Structures are given as C-alpha cells and as structure tokens.
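Shown next, in structure tokens, is the structure this report addresses.
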Amino acid sequence: MTASAASRTNLLGLARPALEEYVVSLGSKAFRARQLMSWIYKRGVGEFAGMTDLAKSLRGELSARAEVRPPQVTSMQHAADGVRKWLLKADASQAFEMVFIPEPDRGTLCISSQVGCALDCSFCATAQQGFNRNLSTAEIVGQVWLAERELEREEREERASAAGGPGPLRAAPGAERHVTNVVLMGMGEPLANFRNVVPALDVLLDDCGLDLSRRRVTLSTSGLVPQIYKLARASNVALAVSLHAPDDALRDQLVPINRKHPIAELLAACWHYLDEQNGRSVTFEYVMLDGINDSPAQARAVARLLKGHPAKVNLIPFNSFPGTRYHRSPAPVIQRFRDELLQGGVLATIRRTRGEDIDAACGQLAGRVIDRTTVRLGSKLIQVAVQP
Ligand code: SAH
C-alpha cells in the first residue's frame, strides 16, 4: 500500500538509532540504515529506486512509505559577494530563512531552528515577528541537505554551460562538499527547540550522515542556562553565546532572558560545557550598538569577565532593519573596542558583514510572512500573520 504524502516518514528527521529502528520495522536488518544514510547524505540521493545496493524489497517498502523531503524553496537571492539566501516554506503563511556564505577556504551555512523567536532581543529583526513554531528535525537537517544539493546543481549547470554539455553527477561519496561548516545562527533560539535540534546535530556529525567535525558545527544561544547544561550531556558541538553587554543592567535590556539567567550563571554554564565536552573555547558574540554597549570602559569590563578563560569574542557590527532604534557603531569605535579586549588579554575578532544587499546579514533574518498585514505601534512596525 502506498502512504499518502502526509503519512510518509521523512527520513531526514531520523538520526541513526531511529533510522535503524525504522528499517527493522520494515523487516530489514539494522545495518541497512548505514547504507541508506550513505545514499542520502554522502551522495545526496533522495529517490529510493536509485539506491541500487539496497534489497529490492526494502526499496519497495521505502518507496511506498517513506520519503526524503527537504523544506520547499519559496525564493532564492544571490548577493553581489556570492552569499545566497533562501526563503523556505514553513506552512501556508510562514517562512524561514537560511544563508550560505562562501569563503575561499570554506562554505558556511547559517540555518534556522525556529520560525520566529520568543526571546525578544531588542536589536534583532527575528524578534519583531514573534514566535511561530519550532522547526522539526527534518526541517533542520533538510536545510543542510537542500543547500548542498542546490549548490551542487548550480555548479553542475555552470560546468555544463562552460563545457557545452551536461556535467556528471557527484562522482563519488565524499567528493568535495560545498557546505563545510554549519552555524545555528539563523532564525530562532536553538536551545528552546532542544528536542528537535539535538537529533539534527547528531545527523550533522554522524560519519554516516553529513560527517561534519564537531568544530565545524556551531550552536549559538542567547543564554538558556539550564539547556546549556543539558546540551553538555547530549552533544559536543562548538558553542557560541550572545553576550552583547558587560553587566546585567544593560544585558537585561538587550537580551531579556538575562533577567532569568544573569551573566555570572551564564558564564558558569559555559565553562561547564567546555569541561564536559573537552571543548577548546566558547565564542562570545557581541553586537556593536552605537553609544549603547561600545565604549572602551565597556570593552575593559568584558575583558575582566572573560580573561583567563577559554573564550573568544566576535564583534558583530549591528545590521540595521526597518523599525529599529539602534545604529551601528562606527568602524574606528569597533576597532578600539577590539584593541581594548586584546590588551585586556581576550582574543577578539570583528565579523565581516556579508550579503548586506539582500538583507542576509546577522540578525536580519525576518523570514517573511507570506500573507500579512502590517500594523504600526508607535515607532515599531509589527507584522501580523493572517492565519489561513
Ligand atoms: N538565538 C540565537 C541565534 C541568533 S542569531 C542567539 O541569540 O545566539 C546569531 C547572532 O546574531 C546572535 O548573536 C544575535 O544576537 C545576533 N544578532 C541579532 N540581531 C542582530 C543585528 N541586527 N545585527 C547584528 N547581529 C545581530
């Protein structure tokens, strides 16, 4: 019997143990899950009929009941600097975004974990749209699977037009990947969607899955302290934390979750994470807001918090969006802030802003409510989704 589209099992949502259980439930041996994963993730194949080393009966069962279904692309934009932003469909009225950032030595994919966000950081575009829903494991893994497939297709088409004929399919498993690094820095708070994010991380790291090294997968959190402790037991990816202020009074304003989990508790959780997972260092993100958190005295205060710990600070020039009351700190102010950190004994870098012409930079991912009404409340623009 053939399952209807709605009742098919999406294999992108199953980490290895769950996939093993699933193939056993179809009457096959557990080790078939590895072969299946190799087709899906190493070769980027989503149709079961072509998985020639699987028994015909298993291929038949899978074709009838399962699928490999990534999120549906609503639109794709290509920036002048090579950055791509995809708008992906969450349901009839909501969308979420992912961004690919090519660099000479790597390709970083920035993925979303939720549609919207509940945390309400005052300088973030995603916060303005409120929280809609968690993404499923399949939608999180599916972003990486989809991006790799789309980039591969693009490259094949370019080769074909250069050579005047169709290029070959990916030659072999393990052939060079476009996506070498994944950051959970798109829309949403990944630790607020722990249940779906952790199995997705498992697939990203699994050597039968996307096979990324733990240092090339980074989860960024606004500071959900209990979930950082929980993550230390469940995964070992690199951790990034949105600090943005040197003291609780200011951080309470910028990152409201700080009222519940203040800086001292947050830092203790970070050091615990490194101890548990034998990690190298935590990256602290710090958005540079003109006249708010960017003074040399504030830089020295950040250095005092982090000095002597395995920490790096990544300064993010604020990216503007409609309706925000903040401005980006001038470049010399950002450089001075970095220098104060370095003099204070803390490693610091300035993040280069990419994809600005397509609003693909940090904190600009607002998704798009496909069907929306815009209301104005004071100076703040609020987009209200119209439920279908
Ligand atoms: N919820 C996670 C992931 C968010 S996005 C977190 O808070 O860490 C990744 C980074 O972009 C976070 O550090 C976030 O604070 C920052 N960010 C948000 N809005 C921004 C903006 N408008 N300009 C620059 N960085 C921004």
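The values are calculated or read from the model by the stated rules, or taken from the named source; none is laboratory data. As the structure is a prediction and not an experimental result, all values here were calculated from the model. Neighbour counts run over all protein chains shown; Cβ positions are idealised from the backbone, glycine included. When the accessible area is computed, the model is the full protein with side chains, heavy atoms only, and any ligands, DNA or RNA have been set aside. Shrake-Rupley method; radii C 1.70, N 1.55, O 1.52, S 1.80 Å.
Observations, loosely collected:
- Surface per residue (accessible, 1.4 Å probe) for the chain, Å²: 45 Å²
- Convex hull of the chain built on C-alpha atoms - directionally averaged projected area, nm²: 20.9 nm²
- Amide H contacts of Ala348 (H built 1.01 Å from N, under 5 Å, at least 5 apart or other chain): Val313
- Computed Rg/Rh of the range 189-347, alpha carbon atoms with Kirkwood Rh: 0.98
- Comparing mean-square fluctuations of Ser295, Ser136, Ser57 from a GNM of the chain with C-alpha springs under 10 Å, the top value falls on Ser57.
- Rounded to 10°, Cα long-axis angle of helix 137-163 versus longest principal axis of the chain: 80 degrees
- Maximal additional length on extending the Asp248-Lys56 stretch stands at 63.0 nm, based on 0.36 nm per residue less the C-alpha distance.
- Rounded to the nearest 10 degrees, the angle from helix 194-205 to the longest Cα principal axis of the chain is 70 degrees.
- Acute angle (nearest 10 degrees) that the helix 56-65 long axis makes with the longest principal axis of the chain, alpha-carbon atoms: 50 degrees
- Portion, in percent, of the accessible area of the chain that falls on carbon or sulfur, probe 1.4 Å: 51 percent
- Within the chain, the cysteines lacking any other cysteine Cβ closer than 4.7 Å to their own Cβ are Cys110, Cys117, Cys208, Cys270, Cys362.
- Computed over the range 12-76, the quotient of the alpha carbon radius of gyration and 2.2 N^0.38 Å is 1.12.
- Quotient of C-alpha Rg and 2.2 N^0.38 Å, computed over the range 261-316: 1.21
- Here the dipole of the chain is about 320 debye; that uses its Cα centre as origin and unit charges on the Cβ of Lys and Arg (positive) and Asp and Glu (negative).
- Within the listed set Tyr273, Tyr41, Tyr22, the Gaussian network model of the chain (springs between alpha-carbon atoms below 10 Å) gives the highest mean-square fluctuation for Tyr22.
- Using the rule -39500 (n - 2.57) for each DSSP H run of four or more residues, divided by the residues of the chain, the 222 nm mean residue ellipticity is -10000 deg cm²/dmol.
- If the convex hull is drawn through the Cα atoms of the range 113-222, its volume per residue in Å³: 124 Å³
- Given charges at Cβ of Lys, Arg, Asp, Glu: the chain dipole, positive-most of Ala360, Leu289, Leu146: Leu146
- Working note: Karplus 6.51/-1.76/1.60 with θ = phi - 60° gives the range 177-184 the couplings 8, 7, 8, 9, 9, 10, 10, 8 Hz, where Gly and Pro are set to x.
- Placing +1 on the Cβ of every Lys and Arg and -1 on the Cβ of every Asp and Glu, with no other charges, gives the range 8-95 a dipole of roughly 160 debye about its Cα centre.
- Lysine pair count for the chain (Cα-Cα distance under 22 Å; residues 8 or more apart in sequence or on different chains): 4.
- Taken over the C-alpha atoms, the range 1-149 has Rg and Dmax values of 17.6, 55 angstrom.
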